[in-house]
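The values are calculated or read from the model by the stated rules, or taken from the named source; none is laboratory data. All values derive from a computational prediction rather than experimental measurement. We place every Cβ from the backbone using ideal geometry, glycine too, and count neighbours over all the protein chains shown.
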Protein chains: 4
Amino acid sequence: MLRGLSSAGLGALESQEQLIRLAGKYGFQAVDLDAAALVRQYGAEGARALLAENGVVIGSIGLSVEWRTTEEAFLKGLEELSAVAASARELGCTRCCTYILPSTDHKTAHFMVLATRRLRTCAQILGAYGISLGLEFVGPHHLRTRWSNPFIWTVEETLDWISCIGEPNVGLLYDSYHWYTNGLNVNDIVKLSPDQIIHVHLNDAPDVPVEEALDNGRLYPGEGVIDLAGFLKALHEIGYRGPVTQEILSAETPAGTPEELAQRSKAGYDKVFSAAGLMA
Amino acid sequence: MLRGLSSAGLGALESQEQLIRLAGKYGFQAVDLDAAALVRQYGAEGARALLAENGVVIGSIGLSVEWRTTEEAFLKGLEELSAVAASARELGCTRCCTYILPSTDHKTAHFMVLATRRLRTCAQILGAYGISLGLEFVGPHHLRTRWSNPFIWTVEETLDWISCIGEPNVGLLYDSYHWYTNGLNVNDIVKLSPDQIIHVHLNDAPDVPVEEALDNGRLYPGEGVIDLAGFLKALHEIGYRGPVTQEILSAETPAGTPEELAQRSKAGYDKVFSAAGLMA
Amino acid sequence: MLRGLSSAGLGALESQEQLIRLAGKYGFQAVDLDAAALVRQYGAEGARALLAENGVVIGSIGLSVEWRTTEEAFLKGLEELSAVAASARELGCTRCCTYILPSTDHKTAHFMVLATRRLRTCAQILGAYGISLGLEFVGPHHLRTRWSNPFIWTVEETLDWISCIGEPNVGLLYDSYHWYTNGLNVNDIVKLSPDQIIHVHLNDAPDVPVEEALDNGRLYPGEGVIDLAGFLKALHEIGYRGPVTQEILSAETPAGTPEELAQRSKAGYDKVFSAAGLMA
Amino acid sequence: MLRGLSSAGLGALESQEQLIRLAGKYGFQAVDLDAAALVRQYGAEGARALLAENGVVIGSIGLSVEWRTTEEAFLKGLEELSAVAASARELGCTRCCTYILPSTDHKTAHFMVLATRRLRTCAQILGAYGISLGLEFVGPHHLRTRWSNPFIWTVEETLDWISCIGEPNVGLLYDSYHWYTNGLNVNDIVKLSPDQIIHVHLNDAPDVPVEEALDNGRLYPGEGVIDLAGFLKALHEIGYRGPVTQEILSAETPAGTPEELAQRSKAGYDKVFSAAGLMA
């Protein structure tokens, strides 16, 4: 598995380049970032060189298309997706991810119809460029009633949705925080096959009742109560070998410089990977 | 357009053969029935002869697969679908229909996922045999709250669902009763193209507030308040040339012999087709 | 049906605007052109106004993506397709077409695999914007052996390919020249349904043995030997109501000014539409 | 990986039960057989017990549908596929395989269209029952010119075809004999991901020029010249953990009783698995 960093948890980063340099410096092998922006800034060759000299690959880009609101917004975003996918492909990136909010103010059935169709179109375009689409189920309980109607949040529902979308390049984004807040354990991971998992996020949770763990109340790996060693071991056991990326969503920007926070992230990763018996 | 009869509205029919004979006798050109049962009883050749000598074709068969409950029930039903489709094909039938209940006791989003996947599989199998799948939106207001969660019932939602299912052979079953109970008018038909409509049902409604029209409170064409002349004219105008089949769902079996009820159906069809300027 | 003009057959046009103006002036209701270029030049609003004031709509755009050569060329072209489709949609255009060469220097089976996948992706993107993809079978005999290996050129093969591509928005571009060079007659049209036909081309052929009719040896409608009255009548009979666009491919630019050639086109259309009993 | 046996190479077996018993007795963990026939004979429960008491699972069933000839033959076979898939599912089998002949007497492009559509439909039905479809590329050179027109036989072409079919449950059946006759080596395996491989066949080849290795001239593993240790190591390295099934196609039935041949198969498997460092 590849240790991965995203900007979430590194404080006030000045640039994507800083993220890449910090990742390389602190032993991470992957970064989640905006590949198209990187290509715009450095050119494809320059971006590849920047990644290579820091020893990192791109773990995943985020899905830039707005699939949750109006058809016009969706189609507007879709205009850019091919070019975004082409940029990602130029940099060797094979993953693109988006998250599923567990409730909605839309009429549920109709929204599911629209969301299915839209995400299928996104997957089809991404697939042409060799890129997979990871769907992130979202566990925190407070979000299930944040909007009027319940949507979906369990692994089983999400796998059924992936099957319904029906494209070969769609799978799960498996985040330890959502695994935990869904009340899952290692057995729930072990029964999966690695090709069902496109991408992995690694985050920890505070010592509060699981129902009270907030989506933006995440902790650095190893600083909380989630059995991250078990999480990582189970993923390794089933054969998952992709990136495992930190994404610390928090109400306030964490204190410390990006450098300090990268160091802190490294310490957390060392701790939980070591506990999982996965130190290289 | 082809005038069509189904067993719904003909009282205590003794057999499918009786339906076919009555349809032929009273000037109908199509019947909705169970093609596989007809082939089992008469053989393909015998069934074709029976239809031919009465001057009728099969308008549509019903979708025999249970797609609304458990996965096991679905897969069980799916085992028969290819053979059912093959029977229909042997008799020249190119349509298969199912209806969409406007509310559900299932969790809405997850049910939509399962229903989409299941209906797509059905459409794929039917498509191999040259058969289209018609989805009937259901308008009566009382059914929208009959089960815990609203599902879908409008034409727009149903067309979006058809697009989401994504197979070329899926379209609407357009029933005048649901057109009426959805508060639609001829303009809503005129903006469709004929290939969006797989099949048509013709029924009338009692003179009660539209919100109180019950799904099983239907009247014979021409005996109620729906503008069936406008309905038929609009369908003809956009180029629809398929069957228009009566389906009188009622709380009690209508009084009279099948023969009398077929005669009454003919009178109703004559009245509304004539009002629409569509008498051959 | 809408009479349509393309630039092919109008000589040395100065601009797309000229095509639009000539179409309007000589009684055509549709033009095939490059919608994205029109939007770039006039803006969406300006382009819509230009079309409206000349009383024409866009019949079809051409598929801008190179699907016949390398994967890189395909992906490069695909980057633009969403924006191209969005422009077409802004101008109310719902058709995009490409032609199928009847032989190939590629290994046939593998090329069919790649072509199927690529055209499906194009259809999926176009479909998101409400645009259909028309595939033009190409009949002239000399092209069947122009490259090393035979590909496909009959209507039946093309319909099977459309079914194999499997998207609801794919159908035929039916060109009278290919109908003629394939040795087809009105019965071959009458057995189609209108939704199988996305777009129609109208051209005439010289009085040479059909095997010798060259792809770039086309004549103006009514100036050759094809039964264009029968062709048009059959299309009208099955319910086709879309554009019927002239596309005079010729070895040399036809003599005369665009104005004169538009006038000549009008005369040809008048002649064959009149013979078909289709003068408004 | 699971060692697997099929009837091919075991001589004159009396029954599927004998295959199961011999597999269990000689240390194989999987058998390729006709699951539907097994269920018909023993019932689902009886068949499961028979498999369990011999310590074997079903590796794969063969695709029973005729997809290579007429549409009628295809549709006829399709009628049974759902029930066949249901039987396989009842016995825990998740794989179904078919092979691709490298040449054809059909018109190549059209045949590819039909084959793609038909195999997609098969994959869709199998997928509903949780079963994957493995496509076996076929390497022996003599078959490339056995029929009039070349079709496909390389891994790359087959992967492109799988992508063209477009269903998530389709992948390769990777046979060591076809790997060898295609001139491939371990690097060609290492670049695959395990989810691209549905099933594996293990066979050896005689010491003749590779161009002369006949499809029905296969040897027992370890008795020929193929680097089966490298083959197995590479598959294990990429994470493949499914069945590896012997399928000795030969011009004449091999000498010896089924018991002797099973013993010989075991010796061969021991030899090559041991050489690969894969003895449990």
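When each of B:Glu212, B:Glu223, B:Glu252 is tested for being more than 18 Å from the chain's Cα centre (by Cα) and at pLDDT below 95, the lone residue that passes is B:Glu252. In the set (1) closer than 30 Å to B:Val113 by Cα; (2) crowded, with 22+ Cβ neighbours inside 10 Å; (3) of a type in the set (A, V, I, L, M, F, W, C), the condition left unmet by B:Ala23 is number (1). Condition check: touching a residue at least 40 places away in the same chain (Cβ under 8 Å) and within 14 Å of chain D (Cβ to nearest Cβ). Does C:Thr70 satisfy that? In short, no. Of the residues making up the range B:156-176, just one is within 13 Å of chain C (Cβ to nearest Cβ), touching a residue at least 12 places away in the same chain (Cβ under 8 Å), surrounded by fewer than 21 Cβ atoms within 10 Å (Cβ to Cβ) and part of a helix (DSSP H, G or I), namely B:Leu159. Of the helices (runs of 4 or more DSSP H) that lie entirely inside the range C:1-90, those containing 3 or more residues that are more than 17 Å from C:Glu260 (Cα to Cα) span C:35-53, C:71-90. In the set (1) of a type in the set (A, V, I, L, M); (2) out of contact with any strand residue (DSSP E or B) (no Cβ under 6 Å at 6 or more places or on another chain); (3) in contact (Cβ under 8 Å) with a residue 60 or more places away in the chain, the condition left unmet by D:Ala30 is number (2). Applying the set (1) at the interface with chain B (Cβ under 9 Å from one of its Cβ atoms); (2) on the phi > 0 side of the Ramachandran plot to A:Phe111 leaves exactly one unmet item: (2). Collect the residues in the range B:183-227 that are among the basic types (Lys, Arg) and away from chain C (no Cβ under 14 Å), keeping them in residue-number order. Residue satisfying the conditions is B:Arg218 alone. Applying the set (1) over 18 Å from C:Gly242 (Cβ atoms); (2) more than 9 Å from every other protein chain (Cβ to nearest Cβ); (3) in contact with a strand residue (DSSP E or B) (Cβ under 7 Å, 6 or more places away or on another chain) to C:Gly92 leaves exactly one unmet item: (1). Name the one entry in D:Ser87, D:Ser103 that is within 14 Å of chain C (Cβ to nearest Cβ) and surrounded by 18 or more Cβ atoms within 10 Å (Cβ to Cβ). Checking each option against the conditions leaves just D:Ser103.
When you look at A:Val39, is it of a type in the set (Val, Ile, Thr) and under 26 Å from A:Glu237 (Cβ atoms), yes or no? Answer is no for this residue.
Among residues of the range A:185-213 that are within 16 Å of A:Gly171 (Cα to Cα), those with a beta-carbon under 6 Å from a residue that is modelled with pLDDT of 95 or more and of a type in the set (Lys, Arg) at least six positions away or on a different chain give the pairs A:Ile198/A:Arg95; A:His199/A:Arg95.
Taking the criterion of being over 18 Å from the mean Cα position of the chain (by Cα), surrounded by 19 or more Cβ atoms within 10 Å (Cβ to Cβ), at pLDDT 95 or above and among the polar types (S, T, N, Q), would at least one residue in the range B:63-75 satisfy it? Scanning the range B:63-75 turns up no residue that is over 18 Å from the mean Cα position of the chain (by Cα), surrounded by 19 or more Cβ atoms within 10 Å (Cβ to Cβ), at pLDDT 95 or above and among the polar types (S, T, N, Q).
Which condition breaks for B:Ala275 when tested against (1) farther than 17 Å from B:Thr181 by Cβ; (2) crowded, with 17+ Cβ neighbours inside 10 Å; (3) aliphatic (A, V, I, L, M)? Of everything listed in (1) farther than 17 Å from B:Thr181 by Cβ; (2) crowded, with 17+ Cβ neighbours inside 10 Å; (3) aliphatic (A, V, I, L, M), B:Ala275 misses just condition (2). Annotation: C:Leu192 fulfils all but one of (1) surrounded by fewer than 18 Cβ atoms within 10 Å (Cβ to Cβ); (2) assigned to a loop (DSSP other than H, G, I, E, B); the unmet one is (1).
Among the residues of the range D:91-137, count how many are outside any helix (DSSP H, G or I) and charged (D, E, K, R). Total meeting the criteria: 4.
Among the residues that make up the range C:33-45, is at least one of them under 26 Å from C:Ser163 (Cβ atoms) and either over 16 Å from the mean Cα position of the chain (by Cα) or not hydroxyl-bearing (Ser, Thr, Tyr) (or both)? No, the conditions are met nowhere in the range C:33-45.
Specify the residue that is nearest to the other protein chains (Cβ to nearest Cβ); the eligible residues are those in the range D:122-155 that are more than 27 Å from D:Thr181 (Cβ to Cβ) and under 20 Å from the mean Cα position of the chain (by Cα). Going through the qualifying residues, I end up with D:Gln124.
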